[in-house]
Amino acid sequence: MSVACRQCGSEMTAEAKFCPACGTAVAGAAEPGASNGAGHGLPDGAPGYAAPIRPPPPPPAPPPTQGYPAPYGYGAPPTSTNGMAVAAMVLGILWLYWLGSILALIFGYVAKSRIDRSGGRQGGRGMAIAGIVLGWVGVGLLVVVIIAAIVAASND
C-alpha cells in the first residue's frame, strides 16, 4: 500500500517515516503529541510532525538590589587637607637657612604616611611630596655649600 506525502504529494510506502522526495515526516511516524515543524503550513500540535527546535529560555533577571540610595548630603565625608603636608611644603619653599629643609623632610614623610593610612579621609599627598622634594633639594644645596667651604678653606 502506498501513501502520498502531505508536503509534496509524492508516493511512498506505508512503512516510510520520511518522504524520500522532500524529507517531511510522515503522519503517524512522530511521537504522539509532537508539534508542527517550521515551514509545513500546519498549526502547532498537528499529529505526525516533530516539534521545531527552539533555544532555551533566557535565565531569570537578578532580583532588584535591596535598600535605597543615600539621601542628598549623606555621601562620603569631605576630605580634609593634612596640616603637616601644608607645613612641609611651606618649609620646603622658605628653607630658613636649611633648618626649613630638614623640617620639610620630617613633616613631609610623616604627613605622607598619615595620608596613606587615612583611607581617603585626608588629602594633601601632593603637598607632602612637594615638601619632601624641596627638602631634599635644600639638603643637597647644604651639602654643596659645605663641600665648597671645605675646598675654599683648604686652598688658603
Would you kindly derive the ³J(HN,Hα) couplings of the stretch 10-24 from the backbone phi angles with the Karplus curve 6.51 cos²θ - 1.76 cosθ + 1.60 (θ = phi - 60°), listing them in order in whole Hz, with x for Gly and Pro? 6, 7, 8, 6, 6, 7, 5, 9, 9, 5, x, 8, 10, x, 6
Under the Karplus curve 6.51 cos²θ - 1.76 cosθ + 1.60, θ = phi - 60°, whole-Hz ³J(HN,Hα) for the stretch 125-134, x wherever Gly or Pro sits: 4, x, 5, 5, 5, 4, x, 5, 5, 5
Counting sequence-distant residues (5 or more places) and residues on other chains, those with an amide H built under 5 Å from that of residue 18 are 26
Can you work out the Karplus-derived ³J(HN,Hα) for every residue in the stretch 107-119? Use 6.51 cos²θ - 1.76 cosθ + 1.60 with θ = phi - 60°, whole Hz, and x for glycine or proline. 5, x, 5, 5, 5, 4, 5, 5, 5, 5, 7, 6, x
Simple label model, 7 Å out from Cα along Cβ direction - residue 81 to residue 14, nm: 10.1
Could you pull out every residue, at least 5 positions away or on a different chain, whose amide H is within less than 5 Å of the one on residue 123? Hs are placed 1.01 Å off N in the peptide plane, and Pro or chain starts have none. 80, 81, 82
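Any read-out appearing in this document is the output of simple, stated calculations on the displayed coordinates, not a laboratory observation. No experiment lies behind these values; they were computed from the predicted model shown. Using ideal geometry, Cβ is built from the backbone for each residue, glycine included, and neighbour counts are taken over all protein chains shown.
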